[in-house]
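Engineer: Take a look at the following structure, please.
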Amino acid sequence: MSRIHEALKRAERERAAGRTAQENERRAEYTLDRSAIDTEPSTASILHPDDLPNLHSARTETETLHDPIRFDELWAKCSQPRWKPDPTSIVFENADPFYPGTEQFRTLRSRLYRMRETQPLQTILISSAIPAEGKTMVASNLAYALVRQPGCRVLLMDADLRSPRIHVLLGAPAAPGLADYLQDTATEFEVTQRCSEEGLCLIPAGNHATHPSELISSVRMKQFLERVRPAFDWIIIDSPPAIPVADASVLGGLVDGVLFVVRANSTPSEASLKGCKELREGHIIGVVLNTAEESAGYNSYYSNSIYTNPKHGSKK
């Protein structure tokens with residue numbers, strides 16, 4: 001019996017030794033497999049040294065898109081073309097300091113400053129219900145009126161990518177401009193122009209864009225407005241009319257306030273109401289009545305009196 005018992009014990013030890021050897025062998029195979037996996041080059045994770053500058057450039061570009069723009073740097077690096085403003089459209093460029101319209105834009109400027117005392121007001125969109133209301137003329141002259149305040153910095157931006165006109169009134173180059181920046185084909189310095197008026201900058205609409213609505217509603221547009229805010233006291237944006245396209249409505253949601261331009265004795269009241277409804281995403285802060293004739297009475301006396309135009313002399 002003792003021999004049988006010893007034989008059984010020996011067989012059990014041999015089976016246990018066999019199992020241990022198999023397990024060790026499997027562990028070794030697994031370790032080898034894992035080692036092969038860990039050491040095999042992966043094209044997804046290993047970069048060639050030549051790719052490192054590109055990675056750095058991509059990271060730098062992403063960071064730049066969020067960095068605030070500084071006015072002194074923009075003023076130094078932006079283009080400096082010679083503008084030739086139309087003195088019949090840009091009233092402050094007329095040789096007559098009391099040219100019709102100058103006092104009205106000064107009054108508008110004063111009212112905006114008073115409004116600014118009670119609400120945030122830095123970015124202003126100029127729009128209208130339909131074309132040919134005079135919104136571009138209002139935007140341009142308002143920018144000129146604002147920048148004549150001592151130390152004021154003003155950005156005039158043409159966001160009417162479909163039918164831009166600001167560059168025509170100012171006699172400025174049409175491109176590169178906003179459309180080029182939004183398509184990432186030009187930098188903020190390349191699309192910005194500086195005026196002979198200290199502190200006034202212009203971003204024209206730029207080259208023709210086949211998809212203006214997508215550009216205006218892009219994240220890049222929103223980020224750009226946030227980046228230029230710290231550099232300027234006022235940002236005046238000219239937009240397309242509100243009824244024909246949705247661009248003005250989109251821009252209205254990105255600014256602090258909207259000035260709505262109506263042409264006197266021309267714009268149908270129904271169109272004005274519809275235009276205001278289209279701009280419901282924006283905060284309409286006022287209406288500018290363009291080409292209004294002053295009636296007899298106080299306004300007539302004020303505009304013709306010696307207090308505003310010394311050329312008229314004293315009244316008998």
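The values are calculated or read from the model by the stated rules, or taken from the named source; none is laboratory data. The structure presented is a predicted model; accordingly, all values stated were derived computationally and were not measured. Note that each Cβ is placed from the backbone with ideal geometry, even for glycine, and that neighbours are counted across all protein chains shown. All accessible areas refer to the heavy atoms of the entire protein, side chains included, with ligands and DNA or RNA removed. Shrake-Rupley method; radii C 1.70, N 1.55, O 1.52, S 1.80 Å.
Engineer: On average, how much area does the Cα convex hull of region 147-293 cover when viewed from any direction, in nm²? Can you show the working numbers first?
Structural biologist: Numbers: hull surface 37.5 nm².
Result: a mean projected hull area of 9.4 nm².
Engineer: Calculate, for region 156-222, the solvent-accessible area per residue in square angstrom, rolling a 1.4 angstrom probe over the heavy atoms of the protein chains. Display every interim value, and only then the final one.
Structural biologist: Details: 2590 Å² over 67 residues.
With all protein chains present, region 156-222 gives 39 Å² per residue.
Engineer: For the pair GLN119 and ARG280, what calculated FRET efficiency results from E = 1/(1 + (r/R0)^6), where r is the Cβ-Cβ distance and R0 = 22 Å, to the nearest 0.05? Kindly include the intermediate steps, with their values, before the conclusion.
Structural biologist: Values: r = 18 Å, r/R0 = 0.82.
Working from the Cβ atoms, E equals 0.75.
Engineer: Write down the Kirkwood hydrodynamic radius of region 221-268, to one decimal in angstroms, obtained as one divided by the mean of 1/r over all alpha carbon pairs.
Structural biologist: Working: mean 1/r = 0.0799 Å⁻¹.
Value: 12.5 Å, from the Cα pair sum.
Engineer: For region 77-195, give the magnitude of the charge dipole about the Cα centre (Cβ charges: +1 Lys/Arg, -1 Asp/Glu; no others), in debye to the nearest 20.
Structural biologist: Details: 14 positive and 12 negative charges, 78 e Å.
With Lys and Arg at +1 and Asp and Glu at -1, about 380 debye.
Engineer: Roughly how many nanometres apart are two label points built 7 Å out from the Cα toward the Cβ at ARG229 and ALA264?
Structural biologist: 3.7 nm
Engineer: Same structure again: Cα-based Rg of region 167-228 per 2.2 N^0.38 Å, rounded to two decimals?
Structural biologist: Details: Rg = 11.8 Å, N = 62, 2.2 N^0.38 = 10.6 Å.
Relative to the 2.2 N^0.38 Å estimate, region 167-228 comes out at 1.11.
Engineer: Also, I was wondering about something else. Give me the one-decimal nm value for the distance between modelled label points at PHE98 and HIS208, 7 Å along each residue's Cα-to-Cβ direction.
Structural biologist: With each label point 7 Å from Cα toward Cβ, the separation is 4.7 nm.
Engineer: Using mean Cβ contacts within 10 Å as the protection proxy, how do 89-96, 169-176 order, highest first? All intermediate terms of the calculation are to be shown ahead of the outcome.
Structural biologist: Details: 89-96: 17.0, 169-176: 19.2.
In decreasing order of mean packing, 89-96, 169-176 become 169-176, 89-96.
Engineer: About the Cα centre of region 140-258, how large is the charge dipole given +1 on each Lys and Arg Cβ and -1 on each Asp and Glu Cβ? Please answer in debye to the nearest 20.
Structural biologist: Details: 9 positive and 14 negative charges, 26 e Å.
Using Cβ point charges on Lys, Arg, Asp and Glu, region 140-258 gives about 120 debye.
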